[in-house]
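For reference, the structure is listed below as structure tokens.
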Amino acid sequence: SEPASVSPQPEQVEAEVITILPTGFHPSQITRPAGRFLLAVENRSGNQRVDFQLNAELGTRILQVSRTWERADWSDVVNPPAGRYVLTETNHPTWQCVITITP
């Protein structure tokens, strides 16, 4: 008989969970090695709508997301190159989470 085929295990991807609280992002900074990871943003701010964006320190926009209360949480697998990035909420410019990707 033929050997049973073995399906490859899905690649494990680490997650970084950032929560938007009424006071801003928590945690306010993350440092992690380069490579793919799941970036998850949970809206616990109480705001009906959040608009957040991730920009490279030099200003290049990596992503921009709008969420309403009905679909408050967002996540996606990202793979940014080494560098510093700043996650901000458009309506609250003082809310920031600095993400440092090490080589």
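The simple spin-label model puts a point 7 Å past each Cα toward its Cβ; for Glu70 and Ser28 those points are separated by 3.5 nm.
Between Thr102 and Arg49, what is the label-to-label distance in nm when each label sits 7 Å out along the Cα-to-Cβ direction? My value for the distance between the label points is 4.0 nm. Kirkwood-type hydrodynamic radius, the chain: 14.8 Å, calculated from all non-identical alpha-carbon pairs.
Under a 5 Å amide H cut-off, with hydrogens placed 1.01 Å from N, Phe25 pairs with Gln96 among residues at least 5 apart or on other chains. Loop-located GluC sites (Glu not before Pro) in the range 26-103 (DSSP state other than H, G, I, E, B) with a sparse environment of at most 13 neighbouring Cβ atoms within 10 Å: Glu57. Assuming charge only on the beta carbon of Lys and Arg (+1) and of Asp and Glu (-1), the dipole of the chain about its Cα centre is about 320 debye to the nearest 20.
Might you report the magnitude of the Cβ-based charge dipole of the range 42-90 about its Cα centre, with Lys and Arg at +1 and Asp and Glu at -1, to the nearest 20 debye?
Here the range 42-90 has a charge dipole of around 60 debye.
Projecting the Cα positions of Val13, Gln53, His92 onto the charge dipole of the chain (unit charges on Cβ atoms of Lys, Arg, Asp and Glu, taken about the Cα centre) puts His92 furthest along the positive direction. The trypsin sites (Lys or Arg not before Pro) of the range 30-67 include none that DSSP puts in a loop with a beta carbon having at most 10 other beta carbons within 10 Å. One decimal place: the segment Val13-Ala82 gains 23.1 nm when fully extended, by the rule 0.36 nm per residue minus the C-alpha distance. Note on Arg36/Thr90: beta-carbon distance plugged into 1/(1 + (r/R0)^6) with R0 of 30 Å gives a FRET efficiency of 0.70. With all protein chains kept in place, the per residue accessible area of the chain amounts to 64 square angstrom at a probe of 1.4 angstrom.
The values are calculated or read from the model by the stated rules, or taken from the named source; none is laboratory data. In this text, all values refer to a predicted model and were calculated from it rather than measured experimentally. Neighbour counts run over all protein chains shown; Cβ positions are idealised from the backbone, glycine included. Please note that ligands, DNA and RNA were not included when accessible areas were found on the heavy atoms of the full protein model with its side chains. Shrake-Rupley method; radii C 1.70, N 1.55, O 1.52, S 1.80 Å.
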